[in-house]
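The values are calculated or read from the model by the stated rules, or taken from the named source; none is laboratory data. For clarity, every value in this text was computed on a predicted model and none was experimentally measured. Cβ placement follows ideal geometry from the backbone for every residue including glycine, while neighbour counts extend to all protein chains displayed. Only protein heavy atoms, including side chains, enter the accessible area calculation; ligands, DNA and RNA are left aside. Shrake-Rupley method; radii C 1.70, N 1.55, O 1.52, S 1.80 Å.
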Amino acid sequence: MLMYNIPIMKKLIEKAKNCHDLNREELIALLYNDDIDEDLFAAADEVRKQYVGDEIHLRALIEFSNFCKNNCCYCGLRRDNKNIQRYRIDENTLFALAKHASENMGLKTIVLQSGEDMFFDTDKLCSIIRRIKTLDVALTLSIGEKTLDEYKAYKQAGADRFLLRIETTDKDLYALHDPGMSWENRAQCIRNLGIAGLEIGSGVLVGLPEQKVESFADDILFFKQVQADMIGIGPFIPHPDTPLKDAKGGTLKMALKVMALTRLILPDINIPATTAMETLAPNGQVKALQAGANVIMPNVTLTQYRKHYELYPGKSATNYTPDKSLKEVKDKIAAIGRKVSSGYGYHKRR
Ligand code: SAM
Ligand code: SF4
């Protein structure tokens with residue numbers, strides 16, 4: 001690995017700021033070097049301001065089912081976790097929540113997220129999508145791996161975007177932590193989102209056991225290759241009822257570095273300040289907003305369900321109401337002098 005000195009690192013950051021292009025070796029050097037973090041975050045903040053402005057897009061997150069057929073070793077919703085109470089929110093309640101978020105809270109995007117729950121087949125999902133799209137909102141789905149035809153059906157019913165993290169581009173690591181799943185299939189699903197005409201949201205976990213710093217450089221190059229419209233970077237937080245319960249977990253610092261470099265390389269995409277960042281540090285999301293992020297996803301799931309959607313322990317705001325979650329997010333935004341966007345927050349390619 002090349003070890004660059006600080007002046008050379010600063011030049012690399014300058015180059016990324018102006019040309020939005022770094023090779024694998026340069027990305028790795030910046031990921032390893034902790035002396036230039038403040039410069040890196042400041043550069044990502046500048047690029048964010050230049051390309052997507054000061055406005056922050058709010059996405060109303062509804063966690064509508066915690067049933068999952070998969071067994072990802074890091075996730076509290078995994079099939080083999082018998083210590084969680086499973087729930088599904090029915091279509092009418094889901095619509096009422098989306099309506100409240102749109103009409104009373106003024107939110108312009110609804111995000112429907114769940115485990116891979118086979119109960120919600122294409123017909124049920126398309127019916128929900130069509131109903132929610134009668135509201136004045138953009139609609140994002142985050143429901144896992146589906147066929148190209150299913151992605152096309154969601155798009156035809158009115159869905160606008162889809163979030164599907166690749167989790168890691170290290171295929172061996174993926175095979176280890178995502179038993180029974182195929183990295184190639186997941187990567188193809190991400191490409192299929194674009195073919196179906198949906199905005200592509202992806203991202204990775206940071207801090208999985210055995211995850212190498214080098215692989216974060218590959219992750220960032222992967223985001224560019226698939227022409228992602230949105231990238232979410234989440235620090236991995238170990239859950240006590242999973243095989244990775246004794247793992248160390250990710251750090252906020254490394255998650256912010258991967259996020260900041262993603263902003264430098266993909267300057268005009270949408271990047272959320274993730275909930276997992278806030279769980280690791282009280283000011284995690286604000287730090288992210290000042291290091292390249294321009295999106296926050298306030299949770300509008302009913303309080304009674306939140307504690308059961310435990311991907312990881314300590315997930316912030318599990319006892320909040322939707323209105324309290326929104327107020328907290330708006331306070332944070334106001335405190336750093338940024339504005340809430342009144343638009344739908346589509347990715348505008350430059
Ligand atoms: N089931 C769908 C999927 O996997 O794409 C969507 C819901 S899944 C809960 C959303 C994301 O949660 C995953 O992509 C994963 O990155 C994240 N996640 C799961 N367990 C986590 C953990 N222990 N720490 C941080 N993030 C986690
Ligand atoms: Fe299921 Fe998604 Fe959790 Fe994997 S990450 S177990 S697919 S909810």
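When the Cα positions of GLY53, GLN211, THR134 are compared along the charge dipole of the chain, THR134 comes out farthest toward the positive end, with charges on each C-beta of Lys, Arg, Asp and Glu. With θ taken as phi - 60° and the Karplus curve 6.51 cos²θ - 1.76 cosθ + 1.60 applied, the whole-hertz 3J(HN,Hα) list for segment 166-175 is 7, 6, 7, 8, 7, 5, 5, 5, 4, 4 Hz, x standing for glycine and proline. Tell me which residues come under 5 Å, amide H to amide H, from ASN71 once H is placed; ignore anything under 5 positions away on its chain. Amide H to amide H, under 5 Å and 5 or more residues apart or across chains, ASN71 pairs with ARG79. When the GluC sites (Glu not before Pro) in segment 155-236 are filtered for DSSP coil states and for at most 14 other beta-carbon atoms within 10 Å of their beta-carbon, the remaining sites are GLU210. Evaluating 6.51 cos²θ - 1.76 cosθ + 1.60 at θ = phi - 60° for every residue in segment 67-73, the Karplus couplings come out as 6, 8, 8, 9, 9, 3, 5 Hz, glycine and proline recorded as x.
Between LYS152 and LEU176, full extension at 0.36 nm per residue minus the direct alpha carbon distance yields a gain of 5.6 nm.
Measuring between alpha carbons in the structure, the pairs from LYS287/LYS307; LYS171/LYS339; LYS69/LYS324; LYS69/LYS307 lying more than 28 angstrom apart are LYS171/LYS339; LYS69/LYS324. Amide H to amide H, with H built 1.01 Å from N, GLY292 comes under 5 Å of ASP45, counting only residues 5 or more places away or on other chains. Taking amide hydrogens as placed 1.01 Å from N in the peptide plane, the amide H of VAL206 sits under 5 Å from those of GLY234, PHE236, each at least 5 positions away in sequence or on another chain.
Hey, quick one: spin label on ILE8, modelled 7 Å out along Cα-Cβ, who in segment 38-58 has an amide N within reach, i.e. under 13 Å? Taking a point 7 Å out along Cα→Cβ of ILE8, no residue of segment 38-58 has its backbone N under 13 Å. In sequence order, what are the phi-derived ³J(HN,Hα) couplings for segment 133-138 according to the Karplus relation 6.51 cos²θ - 1.76 cosθ + 1.60 with θ = phi - 60°, rounded to whole Hz, with x for glycine and proline? Listing the rounded values in order: 6, 6, 7, 8, 9, 8 Hz. Given their separation in residues at 0.36 nm each and the Cα-Cα distance between them, ASP21 and GLN225 gain 72.2 nm when the chain is fully extended.
Relative contact order, percent, of the chain when contacts are C-alpha pairs under 8 Å separated by at least 6 residues? RCO, the chain: 23 percent. Across the options PHE222, ALA96, LEU164, the greatest Cα extent toward the positive end of the charge dipole of segment 76-230 (unit charges at beta carbon of Lys, Arg, Asp, Glu) belongs to ALA96. Candidates ALA281, TYR309, TYR346 compared by Cα position along the dipole of segment 207-350: farthest toward the positive end lies TYR346, with charges placed on Cβ. Between ASP37 and PHE119, the modelled labels are 4.2 nm apart [label points 7 Å from Cα along Cα→Cβ]. Our summary gives segment 136-252 a relative contact order of 25 percent, counting only alpha carbon pairs under 8 angstrom and 6 or more residues apart. The chymotrypsin sites (Phe, Trp or Tyr not before Pro) found in segment 86-144 that occupy coil by DSSP, while having at most 16 further C-beta atoms within 10 Å, are TYR87, PHE119. DSSP beta bridges fully contained in the chain are about 5 percent antiparallel. Our compactness index for segment 84-126, the C-alpha radius of gyration over the empirical 2.2 N^0.38 Å, is 1.30.
With R₀ set to 25 Å, the beta-carbon distance separating LYS212 from ASN283 gives a calculated FRET efficiency near 0.35.
The charge dipole of segment 102-235, taken about the Cα centre with unit charges on the Cβ atoms of Lys, Arg (+1) and Asp, Glu (-1), comes to about 520 debye, rounded to the nearest 20. Computed about its Cα centre, the charge dipole of the chain is approximately 780 debye, with only Lys, Arg, Asp and Glu carrying charge at their Cβ.
Taking packing as the residue-averaged number of other Cβ atoms within 10 angstrom, the listed peptides 228-239, 338-349 run from highest to lowest as 228-239, 338-349.
Computed over protein heavy atoms with a 1.4 Å probe, the carbon and sulfur contribution to the accessible area of segment 1-65 reaches 49%. Would you mind computing the Rg to Rh ratio of segment 87-236 from its alpha-carbon coordinates, Kirkwood style for Rh? Rounded to two decimals, Rg over Rh is 0.99.
For segment 235-350, relative contact order (Cα pairs under 8 Å, six or more residues apart, normalised by length) works out to 25 percent. All C-alpha pair distances within the chain, sorted into 20 Å bins from zero, spread as 32, 62, 7 percent across the bins. Using a cut-off of 18 Å between alpha-carbon atoms, which aspartates and glutamates can reach LYS212, once sequence neighbours fewer than 8 places away in the same chain are excluded? Within reach: GLU25, GLU26, ASP34, GLU167, ASP170, ASP172, ASP178.
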